Amino acid sequence: MIAGPCGAESEDQLIDTAKQLASVNHVSLLRAGVWKPRTRPGAFEGHGENALRWLQAMREETKLPFTVEVANTEHVELALKYNADVLWIGARTSVNPFSIQEIADALKGTDIPVLVKNPINADLQLWIGALERFNRSGIKKLGAIHRGFHTGVNSQYRNQPKWEIPIALKSACPDLPVICDPSHICGRRDILLATAQKALDLNMDGLMIEVHRDPATALSDAAQQLTPKLFEEMLDKLV
Ligand code: PEP
Ligand code: MN
């Protein structure tokens, strides 16, 4: 179970949220973006290296390991400098084999775990290709994150789950852990529980869920984040 805010917004926001998550059963990894890929310029783009310092302080205080998104060589170097426990690759990066190769090259010689989100578009081969590039770079602790697909079709979801794609990934790579990120699939709180339950029913290996101490004031993805209390209530309902 990976949980945490979409973005690290301040040291206080991060540590306060993390302290509340540290006491929730099953949470084993704290997520927080420090470089946020935004569709339009001018929105909150993360606090970069400063936020990595906050994450180190958070880990010291709560004993929760952390994961951040990396999208280029500079991000990788900084994430390794601050001893990130796990890296994740965002959907906007997984679409680009040049970016993936650059990150995979920067990771050669390390054994940090890497979680690869599905590309924005519903292309299983592109997702597998990204995983292969890390594998060929010697990254053996690999996992995938299913966060849904942009299809241009209007529906209740922000990103269509197209469950057949993570199911096909699991059949193609039976040893690969596949985690579901219902937060970015749903884009809203009210259908999170049902989506998380569906992922568990399909034998996904874990969940990544966005949790913010005060979602109403979140600088990114406000509509889909849960309070720590709502998150705990949701976990209690999952079977
Ligand atoms: C995120 O995890 O906050 C994020 C930007 O996700 P995605 O790459 O799935 O859009
Ligand atoms: Mn987000």
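The values are calculated or read from the model by the stated rules, or taken from the named source; none is laboratory data. Small disclaimer: the values here were computed from a predicted structure and weren't measured. Every residue, glycine among them, receives a Cβ derived from its backbone with ideal geometry; neighbour counts consider all protein chains shown. Heavy atoms of the whole protein, side chains included, go into the accessibility calculation; ligands, DNA and RNA do not. Shrake-Rupley method; radii C 1.70, N 1.55, O 1.52, S 1.80 Å.
The conditions are (1) closer than 29 Å to LYS237 by Cβ; (2) open to solvent by 20 Å² or more (accessible area, probe 1.4 Å), and GLY42 fails exactly one of them. Which is it?
Result: GLY42 fails condition (1) only.
Out of (1) within 16 Å of ligand 2 (Cβ to nearest atom); (2) open to solvent by 30 Å² or more (accessible area, probe 1.4 Å), the odd one out for GLU69 is which?
Answer for GLU69: the failing condition is (2).
Suppose we keep only residues that are among the basic types (Lys, Arg) and part of a loop (DSSP other than H, G, I, E, B) within the stretch 112-148. Which one would you say is surrounded by the most Cβ atoms within 10 Å (Cβ to Cβ)?
Narrowing the stretch 112-148 to residues among the basic types (Lys, Arg): 117, 133, 136, 140-141, 147.
If we keep only those that are part of a loop (DSSP other than H, G, I, E, B) as well, we get 140-141, 147.
On the way: LYS140: 10, LYS141: 12, ARG147: 25.
Checking each candidate, the answer is ARG147.
Please report, ordered by residue number, the helices (runs of 4 or more DSSP H) entirely within the stretch 7-96 with at least 3 residues that are at pLDDT 95 or above and over 30 Å from GLN125 (Cα atoms).
Of the helices (runs of 4 or more DSSP H) lying wholly inside the stretch 7-96, those with at least 3 residues that are at pLDDT 95 or above and over 30 Å from GLN125 (Cα atoms) span 11-22, 48-62.
Consider the stretch 199-235. How many of its residues are under 13 Å from MET1 (Cα atoms) and open to solvent by 60 Å² or more (accessible area, probe 1.4 Å)?
Filtering the stretch 199-235 down to residues under 13 Å from MET1 (Cα atoms) leaves 199-200, 204-211, 231-232, 234-235.
Filter once more, so that each one left must be open to solvent by 60 Å² or more (accessible area, probe 1.4 Å): 205, 232.
Number satisfying all stated conditions: 2.
Does GLY48 qualify as being closer than 16 Å to LEU219 by Cβ and under 15 Å from the mean Cα position of the chain (by Cα)? Before the answer, list the steps.
On the way: closer than 16 Å to LEU219 by Cβ: yes; under 15 Å from the mean Cα position of the chain (by Cα): no.
No: the conditions fail for GLY48.
Among the candidates LEU55, LEU21, LEU64, LEU29, single out the residue that is within 14 Å of ligand 1 (Cβ to nearest atom) and farther than 19 Å from THR93 by Cβ.
Working: LEU55 fails: within 14 Å of ligand 1 (Cβ to nearest atom); LEU21 fails: within 14 Å of ligand 1 (Cβ to nearest atom); LEU64 fails: within 14 Å of ligand 1 (Cβ to nearest atom).
Of LEU55, LEU21, LEU64, LEU29, the one residue that is within 14 Å of ligand 1 (Cβ to nearest atom) and farther than 19 Å from THR93 by Cβ is LEU29.
Could you please find all residues in the stretch 84-111 being away from ligand 1 (no atom under 16 Å from the Cβ) and touching a helix residue (DSSP H, G or I) at 6+ places or on another chain (Cβ under 7 Å)?
Residues satisfying the conditions are PRO97, GLN101, GLU102, ALA104, ALA106, LEU107, THR110.
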